[in-house]
1. Can you confirm whether residue 134 is out of contact with any strand residue (DSSP E or B) (no Cβ under 6 Å at 6 or more places or on another chain), surrounded by fewer than 13 Cβ atoms within 10 Å (Cβ to Cβ) and modelled with pLDDT of 90 or more?
2. Among the residues of the stretch 155-173, which ones are over 13 Å from residue 88 (Cβ atoms) and exposed (fewer than 14 other Cβ atoms within 10 Å of the Cβ)?
3. Run down 141, 145, 121 and say which single residue is in a helix (DSSP H, G or I), modelled with pLDDT under 75, in contact with a helix residue (DSSP H, G or I) (Cβ under 9 Å, 6 or more places away or on another chain) and farther than 24 Å from residue 14 by Cα.
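The values are calculated or read from the model by the stated rules, or taken from the named source; none is laboratory data. Everything numeric in this text was worked out from a predicted model, so none of it was measured. Here the Cβ positions follow ideal geometry from the backbone for every residue, glycine too, while neighbour counts run over all protein chains shown.
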């Protein structure tokens, strides 16, 4: 299997070494994107102004999305999903298992961003405080999401693939071996 198929295809199987190389590449490209295109910065002087218009401007700068990093992140999602699906296939599981591994963590992360943005809006006096936020259920859901994410990490990144051929294709060479050595 070529690296193009490993990065962009959803069919076949992938060993742990190649999975970790792809994950490392995705993380490095994402970090480089953040270094090259940093988030907008709001000068502290604007945040200390008593004028509501200045506070609104400062808050709008904080809420401004860094569209370059967003586009890079969306583009990097494809190779990450492709590698993860093929890794599920190597474990003789359907790619649908990713919904169990990543779905709750993604939901919890989005919910955390919403809570952060609400807190920033309240901190700058742009809305009323939210006193009735259910912190107990939120923390419980976040803990469950973390456990499922950790299970997915162990399942995809550390456990060996299923021996022999399965419904998703022939076995891939073990980590560190070439295809010629395995044949």
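1. no
2. Scanning the stretch 155-173 gives 158, 160, 163, 164, 165, 170.
3. Only one candidate qualifies: 121.
Per-residue answers, yes or no, for (1) over 24 Å from residue 14 (Cβ atoms); (2) part of a helix (DSSP H, G or I); (3) in contact with a helix residue (DSSP H, G or I) (Cβ under 6 Å, 6 or more places away or on another chain):
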residue	(1), (2), (3)
72	no, yes, yes
75	no, yes, no
83	no, yes, yes
86	no, yes, no
89	no, yes, no
103	no, yes, no
106	no, yes, no
110	yes, yes, no
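Yes/no matrix, rows are residues, columns are (1) part of a helix (DSSP H, G or I); (2) over 30 Å from residue 173 (Cα atoms); (3) at pLDDT below 60:
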| site | (1), (2), (3) |
| --- | --- |
| 5 | yes, no, no |
| 10 | no, no, no |
| 13 | no, no, no |
| 21 | yes, no, no |
| 29 | yes, no, no |
| 32 | yes, yes, no |
| 45 | yes, yes, yes |
